[in-house]
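In what follows, a structure is listed as structure tokens, so that the remarks can point back to it.
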Amino acid sequence: MNRLSPEQRGDLAERMLPEAANLAVLVHGDGGPEDVAQVLSGLTGPEKDALIVVLAGLVDPDQPVGKALGWLDHDEHGSLTVPSWSEERSVRDLAPEPDCDLDEDFVDQVAVAKFMKGFRVTDLTDAEFLTAVQQCVANGMTLFDIDHLRRWPRKTTENWVNRLRKQYQRSGRAFPALKQPSLRTFTPEEVVAIREKALAGATDVELAMSYSSNRETIRSIVTGKRYASCGGPIRAARSAKSLKASREHMCGHADTSLAGGYQAGNARLTPQERSQVRERTVAGEPVRQLAGEYGVSTKTIRRYAA
């Protein structure tokens, strides 16, 4: 029946319904073994398979076994017997329990899909984790990207992978390869779409998975390092001003070392400039203003002003 289309299976089951009803009547007392054999001998293999399914469909699995078999007046040995109507178990209770013992390498694809989308997955097995990592890497993600996707501490994925690799080696099994895809090229339309989605709030990881690339490639596209001639909004690089704002937010105070455009280095003052700094600080000029004018840090100004 597996080779038949759903329509063909439906038509076959419909044709077998009268045969199933006839067989039920014969078995329940209107016929004997010869009559049953005659009905079955006229059926083909697929028809017999369909007949079994139809007969099963005629049985209510929730009715008591005593009611389902109460019509019998002979046992399996052909001896007369009194039907037992006291059996309270249902027909469903007689059905064998399916074997639910799954192999240790069984992979729940639903759990894998949820893992790759960043959703919470409980009781993730090693096999499911490894399958998800393989698919993430095939989509261009790094192990660090997976940590970021799952909001895990740094190197969580790497440590898990290394532990599994050692287990595979000890058991003599070949560890699955984690291969990054080759660097793909993007059309101008794709470049513009990536930049517009990034401007709308899509993260580099999300875009990397959508376009089967990696986060570094996406970052180089949205910042204009790659495909500079293509259109679309370019993400501005972080400036010293934004770095200063971040430092103020994290530290709770301003960083005066950036005063006047001063950049870290080995900036020094000449002896003449040191004397000028000393005189001007004594005169009351602000240290920050002097640091910006001479291109040094406020710490340097205070050191020479002492």
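Can you tell me the convex hull volume per residue for segment 109-171, based on C-alpha atoms, in Å³ to the nearest whole number?
Spelled out: Cα convex hull of segment 109-171, divided by residues, is 84 Å³.
Gain in length, Val59 to Asp11, computed as 0.36 nm per residue apart minus the alpha-carbon separation, to one decimal in nm?
Full extension of this stretch gives 15.2 nm more.
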Order these by the 10 Å Cβ neighbour count, fewest first: Trp152, Trp160.
Trp152, Trp160
For the pair Phe144/Arg173, report the inter-label distance in nm, with labels modelled 7 Å from Cα in the Cβ direction.
3.0
Net length gained if the chain between Val282 and Lys67 were fully extended (0.36 nm per residue, minus Cα distance)
66.4 nm
Of Lys117/Lys155; Lys197/Lys225; Lys117/Lys225, which pairs sit farther than 26 Å apart, going by alpha carbon to alpha carbon?
Lys117/Lys225
Magnitude of the charge dipole, segment 109-171, Cβ model with Lys/Arg +1 and Asp/Glu -1, debye to 20:
160
Suppose R0 equals 25 Å. What FRET efficiency, 1/(1 + (r/R0)^6) with r the Cβ-Cβ distance, do Arg235 and Lys117 give to the nearest 0.05?
0.55
Spatially proximal lysines relative to Lys299 (Cα-Cα < 28 Å; intrachain offsets below 8 disregarded):
Lys241, Lys244
How much length is gained if the chain between Ala305 and Val107 is pulled fully straight, taking 0.36 nm per residue apart and subtracting their Cα-Cα distance, in nm to one decimal?
64.2 nm
Distance from a point 7 Å along Cα→Cβ of Lys155 to each backbone N in segment 163-181: keep the residues under 17 Å and list them by number.
163-166
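Using a cut-off of 14 Å between beta-carbons, work out the net charge of the residues near Arg165 (Lys and Arg +1, Asp and Glu -1, Arg165 not included).
+2
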For the pair Asn22/Arg163, report the inter-label distance in nm, with labels modelled 7 Å from Cα in the Cβ direction.
6.5
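Readers should treat all values here as calculations from the given coordinates under stated rules, not as data from a laboratory. Please read these numbers as outputs of a predicted model, since none were measured by experiment. Glycine gets a Cβ as well: all are built from the backbone with ideal geometry, and neighbour counts include every protein chain shown.
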